[in-house]
Amino acid sequence: MNALDSLGCHSDGRLLALNSYENRVYQVGMEDGLPLIAKFYRSERWTDETILEEHAFVQELVEREIPVVPALVLGGKTLHTFEGFRFAIFSKRGGRAPEFEDRNTLEWMGRFLGRIHAIGALKPFQHRPTLDIASFGVEPLDFLLTNHFIPIDLEVAYRSVAELALTGVRHCFARAGSNVKALRLHGDCHAGNVLWTESGPHFVDFDDSRMGPAVQDLWMLLSGERADMVRQLNDVLAGYEDFYDFDSSELYLIEALRTLRLIHYAAWLAQRWDDPAFKQAFPWFNTQRYWEERILELREQIALMDEPPLGAYRT
């Protein structure tokens with residue numbers, strides 16, 4: 001509340017912590033007007049340049065009338081500091097979780113993402129990272145092994161299956177070819193980051209925005225059995241290709257990107273394990289059962305990466 005007060009946004013004392021683990025996000029009631037959302041960035045994760053580049057990308061989407069939530073400009077800036085913490089202020093936007101089992105919803109999401117990618121492809125990020133095998137696979141695995149998070153009796157098994165999985169990932173990228181284009185993405189396109197209203201969807205968080213293949217923003221919309229995912233993918237692409245051409249060679253990357261996310265997510269939890277909020281929110285992490293399940297999960301992914309891509313059955 002003091003941080004907002006320093007910008008001339010005076011709170012009425014109402015404060016609600018929102019569901020966010022990477023950063024600290026609060027809904028703050030205002031003396032005048034609607035509540036605001038204050039997002040305090042995790043220290044040392046992003047540089048000022050990368051945060052400002054995210055803000056600029058979202059503002060670029062707003063200027064193209066794409067429904068996203070930009071950081072507010074206060075005092076001529078979108079990024080502020082208070083007592084050593086960096087933060088940004090956003091308008092509060094309501095909505096509900098999208099119903100991805102509905103075909104019309106998936107097609108609408110496809111149109112939404114196609115519009116975002118058409119803008120994302122216009123120019124690259126200069127400061128934000130690229131989703132690649134090194135940063136999402138090799139480096140996270142090295143962190144887990146070097147810092148001894150895996151129980152000693154499972155370490156050899158996990159190392160072996162993870163390295164075999166990364167070999168499969170490399171094979172998928174090779175099959176996709178070297179011409180796969182990297183563009184500016186949302187980067188973390190799951191249901192929790194999408195709010196749905198009568199006017200359609202809008203994203204509320206571009207914190208993980210980075211360069212990468214377009215399919216990274218599509219595959220997390222898919223779930224269920226293979227036949228279900230094929231249908232869902234067709235529904236998404238039916239809307240997506242109204243605004244941006246999809247390179248079908250990227251279909252080879254779906255299971256590879258899912259595999260990278262599994263390895264990266266385990267390391268993400270491990271890297272923040274000193275944060276008390278993580279021990280409280282993820283009590284099952286770093287247990288014997290957790291790592292046994294991760295080994296089985298990666299074995300399944302190795303098999304899935306050997307199957308034909310989902311698009312092989314498109315009609």
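Since every read-out is calculated from the coordinates, none of them should be taken as a lab result. As the structure is a prediction and not an experimental result, all values here were calculated from the model. Cβ placement follows ideal geometry from the backbone for every residue including glycine, while neighbour counts extend to all protein chains displayed.
How much length, in nm to one decimal, is gained on full extension between Met30 and Phe85, taken as 0.36 nm per residue of separation minus their Cα-Cα distance?
Fully extending the segment from Met30 to Phe85 adds 17.7 nm.
Below 8 Å between Cα atoms, with a sequence gap of 6+, how large is the relative contact order for the stretch 10-91 in percent?
25 percent.
May I ask you to sort Leu257, Leu72, Leu131 by Cβ crowding, counting other Cβ atoms within 10 Å and putting the fewest first?
Ascending Cβ contact count within 10 Å gives the list Leu72, Leu131, Leu257.
At what distance in nm do the modelled label points of His190 and Arg14 sit from each other, each positioned 7 Å from its Cα along Cα→Cβ?
Result for the modelled spin labels: 2.9 nm.
Would you mind ranking Tyr265, Tyr290 by Cβ crowding within 10 Å, fewest neighbours first?
Tyr265, Tyr290
Mind checking the stretch 173-280 for GluC sites (Glu not before Pro) that DSSP puts in a loop (not H, G, I, E or B) and that have at most 11 other Cβ atoms within 10 Å?
Of the GluC sites (Glu not before Pro), the ones in loops of the stretch 173-280 whose Cβ has at most 11 other Cβ atoms within 10 Å are Glu198, Glu225.
What angle do you read, to the nearest 10 degrees and between 0 and 90, between the alpha-carbon axis of helix 288-305 and the longest principal axis of the chain?
Here the helix axis deviates by roughly 70 degrees.
Pairs of Cα atoms under 8 Å, at least six residues apart: use those to get the relative contact order of the stretch 76-208, whole percent.
36
Would you pull out the residues with amide H under 5 Å of Met30's amide H, same chain only if 5 or more places away, H placed 1.01 Å from N?
Asp12, Leu36
For Glu293 and Lys77, compute 0.36 nm times the residue count separating them, minus their Cα-Cα distance, and round to one decimal in nm.
Extra length available between Glu293 and Lys77 comes to 73.2 nm.
Note down the nm distance, to one decimal, between modelled labels 7 Å out along Cα→Cβ at Arg93 and at Glu241.
2.8
If each residue of separation counts as 0.36 nm, what is the full-extension length gain between Tyr265 and Glu225 once their alpha-carbon separation is subtracted?
Working it through step by step, the gained length comes to 12.1 nm.
Helix 103-120 versus the longest principal axis of the chain: what is the Cα-based angle in degrees, 0 to 90, to the nearest 10?
The helix 103-120 is inclined about 80 degrees to the chain.
Computed from the mean reciprocal separation of all distinct C-alpha pairs, what Kirkwood hydrodynamic radius does the chain have, in Å?
21.0
Ranking Tyr21, Tyr26 by Cβ neighbours within 10 Å, fewest first, what do you get?
Ascending Cβ contact count within 10 Å gives the list Tyr21, Tyr26.
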